[in-house]
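Have a look at the structure below, then the notes.
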Amino acid sequence: MKTLSENKCFGGIQGVYSHASKACQCDMTFAVFLPEEAASGPVPALWYLSGLTCTHENAMVKAGAQAWAAEAGIALIFPDTSPRGEGVSDDEAYDLGQGAGFYVNATQAPWAPHFQMWDYISAELPSVIAENFNIDMSRQSITGHSMGGHGALTLALRHPGHYASVSAFAPICNPTQSDWGRKQLGAYLGQDETAWAKHDATCLMREQGATCPILIDTGTSDQFYDLLGTAAIASVAAEQKAAAIVRLQDGYDHSYFFVSTFMPDHIEFHANALLGKSG
């Protein structure tokens, strides 16, 4: 692992790092915020998965999460959204290829050699974090925005008991029924739609319910509202009696102005789950 930068931030350290990824077969960059409590002992962590076109940097500089995480004594982990670099396949469209990994393990050409983001986020990067940072890996929660909200929800639903809580800002909740999903799942996983369902939070919740608390916020003025499937997951959560809160925020759009506005609520939500969970 290489340290690319470290800056003091709200009493803690905001760092950016890189490492050689075996899963993605390229160098991957990620960011970690450590609150000052990490200097004296392991702290719980909140993962933040970003959306289409983003890198580790977008949420790190725009979401305003560090102040609230510092107050709660929680670390933040900001992974990249895809493999990158020379030799990594890409597409002219913004919503496929580099910057659009969709948090799946690609099985189709030309994506399969590098686009193994499910394994990267669920297994490889956590190992790197555990080896290099003073983080209590028995206390993790996860959140994300848009495509990253999709990733957060599906990771939490498919790993019951692993995350203390999950939240999402304007997540893609029902990608098997959306143009933000069908295109990417087809490209990465092939045209057998039965393989897509395990990467659809609405399908997963319908099949198995949910074991951890869920918070979802979406703006009523979100320019991509019709692509998100918010109503679908709200309906299934009610049917399954899941411990889910789905909120529509009047007048908010899809931007980081929306994310930063409700970040304090989400940090508090996760802090309540993480700090109440024995490590």
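Laboratory data are not the source of any read-out in this text; all were calculated from the coordinates shown. Just so we're clear, the structure is a prediction, and the values are computed from it rather than from any experiment. Using ideal geometry, Cβ is built from the backbone for each residue, glycine included, and neighbour counts are taken over all protein chains shown.
Can you name the strands (runs of 3 or more DSSP E) wholly within region 160-279 that have at least 2 residues being touching a residue at least 12 places away in the same chain (Cβ under 8 Å) and surrounded by fewer than 22 Cβ atoms within 10 Å (Cβ to Cβ)? Let's see the steps before the verdict.
Details: elements: 163-169, 214-219, 244-249.
Strands (runs of 3 or more DSSP E) meeting the threshold: 244-249.
Which of the residues that make up region 75-112 are under 15 Å from residue 33 (Cα atoms) and either among the aromatic types (Phe, Trp, Tyr) or more than 16 Å from the chain's Cα centre (by Cα) (or both)?
Going residue by residue through region 75-112, those that are under 15 Å from residue 33 (Cα atoms) are 75-80.
78, the sole residue that qualifies.
Report, by residue number, each residue of region 125-144 that is over 14 Å from residue 164 (Cβ atoms) and either part of a strand (DSSP E or B) or not aliphatic (A, V, I, L, M) (or both).
126, 127, 131, 132, 133, 134, 144
Which of the residues that make up region 252-273 are hydrophobic (A, V, I, L, M, F, W, C) and out of contact with any His (no Cβ under 6 Å at 6 or more places or on another chain)?
So in region 252-273, the residues hydrophobic (A, V, I, L, M, F, W, C) come out as 257-259, 262-263, 267, 269, 271, 273.
Within region 252-273, 257, 258, 262, 263, 267, 269, 271, 273 meet the criteria.
So residue 122 clears everything in (1) surrounded by 24 or more Cβ atoms within 10 Å (Cβ to Cβ); (2) of a type in the set (Ser, Thr, Tyr); (3) outside any strand (DSSP E or B) except one condition, right? Which one?
The one condition residue 122 does not meet is (1).
Tell me whether region 3-10 contains one or more residues that are aromatic (Phe, Trp, Tyr) and part of a strand (DSSP E or B).
Checking region 3-10: not a single residue is aromatic (Phe, Trp, Tyr) and part of a strand (DSSP E or B).
Hey, can you tell me all the residues within region 145-159 that are not polar (S, T, N, Q) and not in a helix (DSSP H, G or I)? Lay out the reasoning, then the answer.
Let us first name the residues in region 145-159 that are not polar (S, T, N, Q), namely 145, 147-153, 155-159.
If the condition is that a residue be not polar (S, T, N, Q) and not in a helix (DSSP H, G or I), then 145, 159 are the ones that fit.
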